[in-house]
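The values are calculated or read from the model by the stated rules, or taken from the named source; none is laboratory data. These figures come from a predicted structure and were not determined experimentally. Here Cβ is always computed from backbone atoms with ideal geometry, including for glycine, and neighbour counts include all displayed protein chains. We work out accessible area using only protein heavy atoms, side chains counted, and drop any ligands, DNA or RNA first. Shrake-Rupley method; radii C 1.70, N 1.55, O 1.52, S 1.80 Å.
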Amino acid sequence: MATIRVQAEDFDPAAEAAALTDGRTDVGAVVTFTGLCRDEGGVLETLELEHYPGMAEGELARIVKEAEARWPVQGVVVIHRYGKIAPGERIVMVAVSAWHRSEAFCAAEFLMDFLKTQAPFWKRQNLADGKSGGWVEGKEADDKAAEKWTR
Amino acid sequence: MKAVYFAWVRERIGRSDEEIAPPASVTDVEGLMTWLIGRGEEYAHAFENQKVIRVAIDQTHVKHDAPIANAREIAFFPPMTGG
């Protein structure tokens, strides 16, 4: 049973991860990843995250299904925010529970790599000097990270 | 069909969505982009580098050679930068 949410508001990574193990005694590993907004050396005032409502949730669900088909995981949480996000705030989290650590690590990394290249979100930087920093460009390194899973 | 635009594609075109009615001779995504370019300079600007544009039909990623015949909603956007 996966939890997939696309929301403007913040989330509590500890509470979300705890929900994967509440009342269970069969979980051997929980891996969590939280992505935060960097200040880029003090020049960034806010990030603005645009998303494609409906498709964003749909793509996250598809990526989670793919992870569940590849590894024997017990639970998955994927939460992605949209709207204005200030440096230090959380943007995204992925948590995976499994019987063993290897599948939890692999599935969590897979989810992040595919989320970055397949889920319809776009970041725009607003700089502290008042001038717009413009849209963040897709990184080749992110494409490479996703490609490694297709080998 | 409904066309929807995101991020700098949306900004360049100046709207987030619109109803479009391409002629029957426009059969695939690539042809649709070429047809859109003919609608004005804002479209030509948005689609000046067609190769980088990502496309989704009815909220599923598709390639540029995908047929558009049964599309209800077709989305154009830059490479994604979430996470």
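Could you grab me the full set of residues in the range A:67-124 that are open to solvent by 40 Å² or more (accessible area, probe 1.4 Å), within 14 Å of another protein chain (Cβ to nearest Cβ) and either more than 20 Å from A:Ala56 (Cβ to Cβ) or in a loop (DSSP other than H, G, I, E, B) (or both)?
A:Tyr82, A:Glu109 - these are the residues of the range A:67-124 that are open to solvent by 40 Å² or more (accessible area, probe 1.4 Å), within 14 Å of another protein chain (Cβ to nearest Cβ) and either more than 20 Å from A:Ala56 (Cβ to Cβ) or in a loop (DSSP other than H, G, I, E, B) (or both).
Can you tell me which residues in the range A:9-57 are open to solvent by 70 Å² or more (accessible area, probe 1.4 Å), in contact with an Asp or Glu (Cβ under 9 Å, 6 or more places away or on another chain) and within 21 Å of A:Ala67 (Cβ to Cβ)?
Residues satisfying the conditions are A:Thr32, A:Phe33.
What pairs come up if the first residue lies in the range A:1-29 and is under 28 Å from A:Pro53 (Cβ atoms), the second is of a type in the set (Phe, Trp, Tyr), and their beta carbons are under 7 Å apart, counting only those six or more places apart or on different chains?
A:Val6/A:Tyr82; A:Ala8/A:Tyr82
When you check B:Thr60 against the structure, is it within 13 Å of another protein chain (Cβ to nearest Cβ) and either in contact (Cβ under 8 Å) with a residue 40 or more places away in the chain or touching a helix residue (DSSP H, G or I) at 6+ places or on another chain (Cβ under 9 Å) (or both), yes or no?
Spelling it out, B:Thr60 is indeed within 13 Å of another protein chain (Cβ to nearest Cβ) and either in contact (Cβ under 8 Å) with a residue 40 or more places away in the chain or touching a helix residue (DSSP H, G or I) at 6+ places or on another chain (Cβ under 9 Å) (or both).
Just to be sure, is A:Val6 part of a strand (DSSP E or B), in contact with a Phe, Trp or Tyr (Cβ under 7 Å, 6 or more places away or on another chain) and open to solvent by 20 Å² or more (accessible area, probe 1.4 Å)?
For A:Val6, the condition - part of a strand (DSSP E or B), in contact with a Phe, Trp or Tyr (Cβ under 7 Å, 6 or more places away or on another chain) and open to solvent by 20 Å² or more (accessible area, probe 1.4 Å) - is met.
Spot the failing condition for A:Arg101; the list is (1) within 28 Å of B:Ser16 (Cα to Cα); (2) touching a strand residue (DSSP E or B) at 6+ places or on another chain (Cβ under 7 Å), and only one is missed.
(1)
Please state which of the following conditions B:Asp28 fails to meet, knowing it meets all the rest: (1) without any contact (Cβ under 8 Å) to a residue 24 or more places away in the chain; (2) acidic (Asp, Glu); (3) over 29 Å from A:Cys37 (Cβ atoms).
With (1) without any contact (Cβ under 8 Å) to a residue 24 or more places away in the chain; (2) acidic (Asp, Glu); (3) over 29 Å from A:Cys37 (Cβ atoms) applied to B:Asp28, the lone miss is (1).
Counting just the residues of the range B:30-67 that are in contact with a Pro (Cβ under 8 Å, 6 or more places away or on another chain) and of a type in the set (Val, Ile, Thr), which one comes out farthest from A:Tyr52 (Cα to Cα)?
So the residue we want is B:Val52.
Which of the residues belonging to the range B:1-19 are in contact (Cβ under 8 Å) with a residue 24 or more places away in the chain and over 17 Å from B:Gln59 (Cβ atoms)?
The answer is B:Trp8, B:Arg12, B:Ile13, B:Gly14.
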